[in-house]
Amino acid sequence: MAAPLDIFFLDPDGEGTLQARIQQMVAEAILSGRLSRGEKLPSSRGLAAHLGVSRITVTLAYTELQANDFITARGRSGYFVSQNAPQPPDFRPERARRDRIDWGRAIANRFSARATPKKPADWRAYPYPFIYGQPDERLFDHNAWRLCALRALGQKEQAPVIRDWYDADDPELTAFIARHILPRRGIAAAPEEILITLGAQNALWLAARLLLTPRRLAAFENPCYYALRDILTQSRCRMAPVAVDRDGLRPDLLPDDTDVIFTTPSHQCPTTATMPLARRKALLARAGQLGALIVEDDYEFEMSFLAAPSPALKSLDRDGRVLYVGSFSKSLFPGLRLGYLVGAPEFIREARALRSSLLRHPPGLMQRITAHYLRLGHYDAMVRRMKAAFQARREVMERALAAHGLEIAGRGVFGGSSFWMRAPEGVDTGALAARLSAEGVLIEPGAPFFSAAEPPRHFYRLAYSSIPEERIGEGVARIAAALARFAPG
């Protein structure tokens, strides 16, 4: 008797071709012990009908498994698990064994007690995902990326892709950033002033490690990107949260002993406030008075679709005190984990040395694929598609929010991908998010963004980067209905 069909199922979010996914599914059943040596497999016709795929797809997967000696064919009898197939490990942990290490004392530094919110891995299963930073696969040109990957894997480029760059970066990628990306922000930088990082967060970590000591003071926005607060806490520096208003960080509130200022002037995280030109100049002047450095996180500048973005803070800098952080995570896809850090050659040299001791360099293959994607024009085309889609979604969301009387606490002047919202006083948006999750709606509670023992709990963020335009109206209606139930009285 053949193995039952109901032990076979395809992951709806699986990657690769149908043939590869079926091959992996059968191999995993063998490796996990669900199928044993000599056991008969379902017929190709039966498995194809069960999975809803063509018979030839299953046959090709079986053929590949047979070539790898996972399964064998026995004439007209069908397919069986090969006697040479890998045997699943027979591992049984000793239940009676006790760990004699006191990990409470052994661990000298702890990094797990953070306020970083958890985002559900299955967010795609929710019909109304108003969560930030997740990609919309419909806007991404998979074919162009695949062609760039094939080009990077070609024989002509084998050496630069597989070599160990030690502490260097792909020259094609840094050259494109220097010639095309940074000039859009008014920044002129040579390749030796650019370091490729594993996303913007890695760039912020490098800057904090190089610039901060327990005696130095870091000023940062309140509310702010919670991962930045974690980084500053881990650096053991002195920390000064500085309140933001509708124009972003207030320079007049910076402490007199500030050493480093962390700011997001173009799209303040999370309020989306855009710092006007006059305040940017005032911030630079205040930093000059203090002798402080500025770390500018320009994580979302490509999403300026309402008007041309304000010049980057670094483009106005005449003293070389601004370090600039950029990222491809928002404009390409977050799983890419590529960003860049721009600063004086002396600073970049030390950042490069620190990076090399931790991870040497970001994967050369990913750097080269990204360089091709940018150089061949696919990146600019994708940014145009994203801007058009985000503008349409923003307009739909603004109308829906107004129709249901929901209060917007912050909206980007030039665009962006989210709204910062204010619920009525007394509403805990953490509890609201849990209730809405059960109704298929995902929102982000605002409390984790604040630096306070008792942060305000009535703020929340609604992003429109990954929700289809046609679902926004119903999603906002569900949020309004839930808020009506949560509102005091």
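The values are calculated or read from the model by the stated rules, or taken from the named source; none is laboratory data. Note that the coordinates shown come from a computational prediction; the quantities given were computed from them, not determined experimentally. Positions of Cβ are generated from backbone atoms using ideal geometry, with glycine treated the same way; all protein chains shown enter the neighbour counts.
Say we look at region 345-363 and pick out the residues that are surrounded by fewer than 16 Cβ atoms within 10 Å (Cβ to Cβ) and of a type in the set (Gly, Ala, Ser); which of these is farthest from residue 277 (Cα to Cα)?
Out of the qualifying residues, it is 357.
Looking at region 268-302 only, could you name the residues that are within 18 Å of residue 409 (Cβ to Cβ) and small (Gly, Ala, Ser)?
Hit for region 268-302 is 273, nothing else.
Quick one: which strands (runs of 3 or more DSSP E) lie wholly within region 227-342 and hold at least 3 residues that are aromatic (Phe, Trp, Tyr) and either modelled with pLDDT of 95 or more or surrounded by fewer than 20 Cβ atoms within 10 Å (Cβ to Cβ) (or both)?
Numbers: elements: 238-245, 260-263, 293-297, 322-327, 339-342.
Because the criterion is at least 3 residues that are aromatic (Phe, Trp, Tyr) and either modelled with pLDDT of 95 or more or surrounded by fewer than 20 Cβ atoms within 10 Å (Cβ to Cβ) (or both), no strands (runs of 3 or more DSSP E) in region 227-342 meet it.
When you scan region 306-325, do you find a residue that is β-branched (Val, Ile, Thr) and more than 21 Å from residue 194 (Cα to Cα), even just one?
Within region 306-325, the subset β-branched (Val, Ile, Thr) is 322, 325.
Of the ones still in play, those that are also more than 21 Å from residue 194 (Cα to Cα) are none.
No, the conditions are met nowhere in region 306-325.
For the subset of region 462-484 comprising residues that are in contact with a helix residue (DSSP H, G or I) (Cβ under 8 Å, 6 or more places away or on another chain) and among the charged types (D, E, K, R), which member is surrounded by the fewest Cβ atoms within 10 Å (Cβ to Cβ)?
This residue is 469.
Of the residues that sit in region 1-36 and are part of a loop (DSSP other than H, G, I, E, B) and crowded, with 18+ Cβ neighbours inside 10 Å, which one is nearest to the chain's Cα centre (by Cα)?
Let us first name the residues in region 1-36 that are part of a loop (DSSP other than H, G, I, E, B), namely 1-4, 8-17, 32-36.
From the residues that got through so far, the ones that are crowded, with 18+ Cβ neighbours inside 10 Å too are 3, 8, 35.
Values: 3: 41, 8: 32, 35: 37 Å.
Across region 1-36, the extreme among qualifying residues is 8.
Which of the residues spanning region 371-397 are surrounded by 16 or more Cβ atoms within 10 Å (Cβ to Cβ) and either free of Cβ contacts under 8 Å to residues at least 60 places away in the same chain or in contact with a strand residue (DSSP E or B) (Cβ under 9 Å, 6 or more places away or on another chain) (or both)?
The answer is 379, 387, 390, 394, 397.
Taking the condition of being of a type in the set (Asp, Glu), within 30 Å of residue 445 (Cα to Cα) and either in contact with a His (Cβ under 6 Å, 6 or more places away or on another chain) or outside any helix (DSSP H, G or I) (or both), how many residues in region 131-187 meet it?
1
Among the listed residues 153, 198, which satisfies the condition of being in contact with a Leu (Cβ under 8 Å, 6 or more places away or on another chain), surrounded by 12 or more Cβ atoms within 10 Å (Cβ to Cβ), within 30 Å of residue 452 (Cα to Cα) and aliphatic (A, V, I, L, M)? So that I can check it myself, show each step before the final result.
Numbers: 153 fails: within 30 Å of residue 452 (Cα to Cα).
Exactly one residue qualifies, and that residue is 198.
Within region 121-151, work out how many residues are modelled with pLDDT of 90 or more and of a type in the set (Gly, Ala, Ser).
2
Tell me which of these residue 127 doesn't satisfy, since it passes every other one: (1) assigned by TED's automatic domain parsing to the domain that holds residue 460; (2) surrounded by 18 or more Cβ atoms within 10 Å (Cβ to Cβ).
So residue 127 meets the others, but not (2).
Consider residue 406 against the criteria (1) touching a residue at least 40 places away in the same chain (Cβ under 8 Å); (2) under 27 Å from residue 140 (Cα atoms); (3) surrounded by fewer than 22 Cβ atoms within 10 Å (Cβ to Cβ): it satisfies all of them except one. Which criterion is unmet?
(2)
Of the residues that make up region 147-157, is at least one under 30 Å from residue 296 (Cβ atoms), assigned by TED's automatic domain parsing to the domain that holds residue 350 and under 23 Å from the mean Cα position of the chain (by Cα)?
Looking only at region 147-157, we keep the residues that are under 30 Å from residue 296 (Cβ atoms), and these are 148.
Within this subset, residues satisfying the condition of being assigned by TED's automatic domain parsing to the domain that holds residue 350 are 148.
Going one step further and asking which of them are under 23 Å from the mean Cα position of the chain (by Cα), we end up with 148.
Checked region 147-157: at least one residue is under 30 Å from residue 296 (Cβ atoms), assigned by TED's automatic domain parsing to the domain that holds residue 350 and under 23 Å from the mean Cα position of the chain (by Cα).
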